[in-house]
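What follows is a set of notes on a single structure, which appears directly below.
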Amino acid sequence: MSRDFRYYNQNPYRVEESDCVCRAISKALNLEYSTAGELLQLSAEHNKCDTLCVDCYHHLLEEVFKLPVRYPDQFERVKDIASQFQNNKVIIRIEGHLTMSDNGIIYDLWDCTHRLVDCYWIVP
């Protein structure tokens, strides 16, 4: 396990489930877990898609919170992005999963530090 990883489960029932989008967004944006879930639901209704759909959370992050999407250099891993932005919170997308880093530490249910990054958003 990487030293840059911390186990983090914000689910109010402490259930480990497929709530990575809600978990990453709520922690990165300092939102209550339930608030992030409600915002994702509203975005899903607006976009006529599932709350875990890429379009749903892209809309929420880019249109509602005005976070510009960024794309990594080829072969950058989660730990590389976290390291580059050690003084920030960053929401990071890898294939099939959303995670986040806070001051260089990745918070998630599992250690995804070596996975390749698709895109990311820096939280001001």
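The values are calculated or read from the model by the stated rules, or taken from the named source; none is laboratory data. Computed from a prediction, not measured in an experiment: that's the story for all the values here. Cβ coordinates were reconstructed from backbone atoms using ideal geometry, including for glycine residues, and neighbour counts include every protein chain displayed. In case anyone asks, the SASA skips ligands and DNA or RNA and just uses the protein heavy atoms, side chains included. Shrake-Rupley method; radii C 1.70, N 1.55, O 1.52, S 1.80 Å.
Spatially close Lys pairs in the chain, defined by Cα atoms under 22 Å apart and a spacing of eight or more places or different chains, total 6.
Using the Karplus relation 6.51 cos²θ - 1.76 cosθ + 1.60 with θ = phi - 60°, the per-residue 3J(HN,Hα) values for the stretch 69-84 come to 6, 10, 10, x, 5, 4, 6, 7, 9, 3, 5, 5, 5, 4, 5, 5 Hz, with x marking Gly and Pro.
What's the local net charge at Asp55, with K and R +1, D and E -1, over the other residues with C-beta under 11 Å away? Once positives and negatives cancel, what remains is -2.
Relative to the longest principal axis of the Cα atoms of the chain, helix 33-47 runs at roughly 60 degrees. Other residues with beta-carbon under 15 Å from the beta-carbon of Phe5 carry, at +1 per Lys or Arg and -1 per Asp or Glu, a net charge of +2.
Across the protein chains, with a 1.4 Å probe defining accessible surface, the residues Thr113, Thr35 rank Thr35, Thr113 from largest area downward.
Applying a 4.7 Å Cβ-Cβ cutoff to the chain leaves Cys20, Cys22, Cys112, Cys119 as cysteine residues with no disulfide-compatible partner. In the chain, helices alone account for a calculated mean residue ellipticity at 222 nm of -8000 deg cm²/dmol, with every DSSP H run of four or more residues adding -39,500 (n - 2.57).
Entry note, the chain: relative contact order of 32 percent, from Cα contacts under 8 Å with a spacing of 6+ residues. Residues whose amide H comes within less than 5 Å of that of Met100, counting only those at least five positions distant or on another chain, are Ile92, Tyr107 (H built at 1.01 Å from N in the peptide plane). Ranking Phe5, Phe85 from most to least accessible surface, computed with a 1.4 Å probe over the protein chains only, gives Phe85, Phe5.
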